[in-house]
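Asks: Here it is, the structure in full.
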Amino acid sequence: MFGLSRSDLRLMCVVLALTLFAPIILNPFPTESAMAQFNAGYPDLMQRFVIFGIFAIGFNILFGLTGYLSFGHAAFLGVGSYACVWMFKLLGYNILPGIVLSVIVAGLFSALIGYVSLRRSGIYFSILTLAFAQMSFALAYSVLSNPKFNLTNGETGLQVYSDDPQWFHSDRLPDLPHLFGIPMRATHQLNIGGWDFQFNFGYYVCAVVLIVAFYLSIRLFRSPFGMMLRAVKSNQQRMTYTGLNPKPYTLAAFVISGMYAGLAGGLLSAMDPLAGAERMQWTASGEVVLMTILGGAGTLIGPVLGAGFIKYFENIFSKINDGVLHSWFSFLPDGLENLMVDLVHPFVGKGWHLTLGLLFMLVVTFLPGGLVEGGQRLGRLLTGRRKASSDAEPNPTPAE
Amino acid sequence: MDAFILQILNGLDKGSAYALIALGLTLIFGTLGVVNFAHGALFMIGAFCAVTLNKLFSISFETVDPTKTDFLGNPLKVKTPYLESWFGPELGGAIIDWSVPLSLIIAIPVMIAIGLIMERGLIRHFYKRPHADQILVTFGLAIVLQEVIKYFFGANPIQTPAPDALKGVFDLGTWLGLSLPYPIWRVFYFLFAVVTIFAVFAFLQFTTFGMVVRAGMADRETVGLLGINIDKRFSIMFGLAAAVAGLAGVMYGPINPPNYHMGMDFLVLSFVVVVVGGMGSLPGAVLAGFLLGILESFASTTWATTTLPGINQIIIYLVAIIVLMTRPRGLMGRKGVMEE
């Protein structure tokens, strides 16, 4: 069905169900309970899950299939965000033109950068994309925000002001991002027992986009084109000998993943009409690499899982402070309680990045296949079954 | 003319830092074939060696001076560093004053140890893995090191003053009949960088150890077959590269107060420097470091920034792109290095 094989269809259904029922699934604890802080079912966070999921799916098309590690993908996200806010400023708050333009602009921008960077491969490619992204960041942060030609509004971030033209804006329409009159912020609250579910329109817009993006990526993975991209990864030289030129394929993959990034950037702006240069910084590029690796590069569902995992723990870990820690360890004797709090303290709250860095190292070292591989290993362990084929595979983990 | 030479001089201190970091990166890359994203963090740790030593030296105890009172009429509390009470105010004061140059002595063993631990403990396991994995794991390590420093020292830049004797401004042009006022510490930094670079080259060129390492860089397998434990020597080179980056960081403190993300800021540019110089070429890295530092300084002049606003922010990247398009191997890159 829909040109999908049976297992892909099952995967697609799982993603469909997960995204559509996310407001319920991510809200397992009653609002009043102490565990409510672990709930993730509120619109802002769910939107970020989905948007960064799209970003990671796009990145995976480049990295997972061709093996080209781009360290500058945040540049396309940033460009997309700026394009979308500019549409808000010029045309009005309807998100459709903004998102369409952000995809187009990011596509053109990535075609330009890809054309130059893809002349080199391996580490040169990573450094070139990093250099381009840092250059775009510098341009957006200072150069393009001079009074004569203010494209990005520098440090403040690009936002909509009341004296902007907004040609298609009328009084009937809400004064914030909307889709044909329905504002992104519209939320339907549903109270069942102690639970409080929030169904946000903006989230569902993102979710539909994610489902479409995911479907396209499945089709791409299974297409002859996807096969070509895998050939680029496994052996470019051999591919050239068979008379195929890898360049157009890699460039196409680069542009497609750039467009995904632009789409994510556009959605970010659509949810919150403010685009800042820090979205293009190289740490942001590192983050999407991390999501993809953590979830499992080259797998279909991995990047989405990775994005959700990182955004969820970023949110939860940042919220935990010493007070929360004390309440957790209160069952211990006082001295031990303080010791435990002191031990855990550096890793939570503001120390989230430390945890992230450690996690990154651990995953790359011990679980190069990411969460998906971890799940498979766990599954095999539980069922007690070892597939003969997986044992024959070259084992990439170090001998430790 | 004066202004022209002054711009070149201005570029030298940043150029020195680029050259030293890029030199270490190239050493690691040339010997072990690893792309070390944590190299900027090593530079930063070096700077924080100086900060730590400065803090340790300034640990003081309080005494009450009954003869003086503060503005509220209470007896004045005087802080005296332990060093001053032990060695007398003159020697003790001098030690505190010279804490940054003195940190060099501490930083060398510390940085070599950190480098060896990094190589033996982590990076060793990644030699046979793809470059992407090496980049990713060292990137993670860089984040961790950065956050650890942030945890202990806070997020704000910490002042690490140069010794009083090296603080002022020195007119370099007196014997040329020009007026070139220039901070002494920057001259000192440049000289230090030149000495370090020469020391590294001399070490590689004139010692047996260096000869073996160079042979290993050219053909690792054959050297191994000759019965030489090349891995051990390469690990030591990693330690050496870490020390070079660390020393560059120690001495950079007085120019720019160190903060936890200074390493990352330098790292991206140093990578660009390595690529422009030519991957795997040590002279190329040094040359490109100084060249790009000077270029950046010229792009920061008012003339340049008024004609092309923001050119100082992007000039290095632009040059890197142009170089890679026209000379893909970089300025002094050799054939066969990093070419799949």
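Asks: Counting only residues that are open to solvent by less than 60 Å² (accessible area, probe 1.4 Å) and aliphatic (A, V, I, L, M), which one in the stretch B:90-101 is nearest to the other protein chains (Cβ to nearest Cβ)?
Replies: Going through the qualifying residues, I end up with B:Val100.
Asks: Taking the stretch A:103-119, which residues are out of contact with any Phe, Trp or Tyr (no Cβ under 8 Å at 6 or more places or on another chain) and not aliphatic (A, V, I, L, M)?
Replies: The answer is A:Gly107, A:Tyr115, A:Arg119.
Asks: Filter the stretch B:102-133 down to the residues that are farther than 30 Å from B:Leu91 by Cβ and either more than 9 Å from chain A (Cβ to nearest Cβ) or among the aliphatic types (A, V, I, L, M) (or both) and list them by number.
Replies: Those that are farther than 30 Å from B:Leu91 by Cβ and either more than 9 Å from chain A (Cβ to nearest Cβ) or among the aliphatic types (A, V, I, L, M) (or both): B:Ile114, B:Gly115, B:Leu116, B:Ile117, B:Met118, B:Glu119, B:Arg120, B:Gly121, B:Leu122, B:Ile123, B:Tyr127, B:Ala132.
Asks: If you check B:Met325 against the conditions, is it within 20 Å of A:Phe71 (Cβ to Cβ) and open to solvent by 30 Å² or more (accessible area, probe 1.4 Å)?
Replies: It is true that B:Met325 is within 20 Å of A:Phe71 (Cβ to Cβ) and open to solvent by 30 Å² or more (accessible area, probe 1.4 Å).
Asks: Restricting to the stretch A:268-326, name every residue that is over 12 Å from A:Gly370 (Cβ atoms) and among the small types (Gly, Ala, Ser).
Replies: A:Ser269, A:Ala270, A:Ala275, A:Gly276, A:Ala277, A:Ala284, A:Ser285, A:Gly286, A:Gly308, A:Ser318, A:Gly323 - these are the residues of the stretch A:268-326 that are over 12 Å from A:Gly370 (Cβ atoms) and among the small types (Gly, Ala, Ser).
Asks: Can B:Val195 be described as without any contact (Cβ under 8 Å) to a residue 60 or more places away in the chain, more than 20 Å from B:Val286 (Cα to Cα) and β-branched (Val, Ile, Thr)?
Replies: It is false that B:Val195 is without any contact (Cβ under 8 Å) to a residue 60 or more places away in the chain, more than 20 Å from B:Val286 (Cα to Cα) and β-branched (Val, Ile, Thr).
Quick grid of which residues meet (1) among the polar types (S, T, N, Q); (2) at pLDDT below 85:
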position	(1), (2)
B:Leu225	no, no
B:Arg233	no, no
B:Gly253	no, yes
B:Asn256	yes, yes
B:Met262	no, yes
B:Pro328	no, yes
B:Val337	no, yes
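Asks: Considering each of B:Leu76, B:Leu72, B:Leu53 in turn, give the residue that is open to solvent by 10 Å² or more (accessible area, probe 1.4 Å), in a helix (DSSP H, G or I) and at pLDDT below 90.
Replies: Result of the check over B:Leu76, B:Leu72, B:Leu53: B:Leu53.
Asks: Here is a follow-up. Scan the stretch A:218-243 residue by residue and report those that are open to solvent by 60 Å² or more (accessible area, probe 1.4 Å) and either in a loop (DSSP other than H, G, I, E, B) or small (Gly, Ala, Ser) (or both).
Replies: Those that are open to solvent by 60 Å² or more (accessible area, probe 1.4 Å) and either in a loop (DSSP other than H, G, I, E, B) or small (Gly, Ala, Ser) (or both): A:Ser234, A:Thr242, A:Gly243.
Asks: Any residue in the stretch B:203-217 that is within 14 Å of chain A (Cβ to nearest Cβ), open to solvent by 20 Å² or more (accessible area, probe 1.4 Å) and either within 30 Å of B:Ile149 (Cβ to Cβ) or in contact with an Asp or Glu (Cβ under 8 Å, 6 or more places away or on another chain) (or both)?
Replies: No, there is no match, as no residue in the stretch B:203-217 is within 14 Å of chain A (Cβ to nearest Cβ), open to solvent by 20 Å² or more (accessible area, probe 1.4 Å) and either within 30 Å of B:Ile149 (Cβ to Cβ) or in contact with an Asp or Glu (Cβ under 8 Å, 6 or more places away or on another chain) (or both).
Asks: Looking only at helices (runs of 4 or more DSSP H) that lie completely in the stretch A:245-321, which have at least 2 residues being of a type in the set (Lys, Arg) and more than 14 Å from chain B (Cβ to nearest Cβ)?
Replies: Hits in the stretch A:245-321: A:302-319.
Asks: Output the residue which, of all residues in the stretch A:152-211 that are assigned to a strand (DSSP E or B) and of a type in the set (A, V, I, L, M), is modelled with the highest pLDDT.
Replies: Once the filter is applied, the top-ranked residue is A:Leu158.
Asks: Separate question: Collect the residues in the stretch A:144-168 that are more than 14 Å from chain B (Cβ to nearest Cβ) and touching a Phe, Trp or Tyr at 6+ places or on another chain (Cβ under 7 Å), keeping them in residue-number order.
Replies: A:Leu158, A:Val160
Asks: Could you grab me the full set of residues in the stretch B:270-318 that are in a helix (DSSP H, G or I), more than 12 Å from chain A (Cβ to nearest Cβ) and β-branched (Val, Ile, Thr)?
Replies: B:Val286, B:Ile294, B:Thr302, B:Thr307
The values are calculated or read from the model by the stated rules, or taken from the named source; none is laboratory data. Because the structure is a prediction, the values reported are computed rather than measured. Note that each Cβ is placed from the backbone with ideal geometry, even for glycine, and that neighbours are counted across all protein chains shown. Heavy atoms of the whole protein, side chains included, go into the accessibility calculation; ligands, DNA and RNA do not. Shrake-Rupley method; radii C 1.70, N 1.55, O 1.52, S 1.80 Å.
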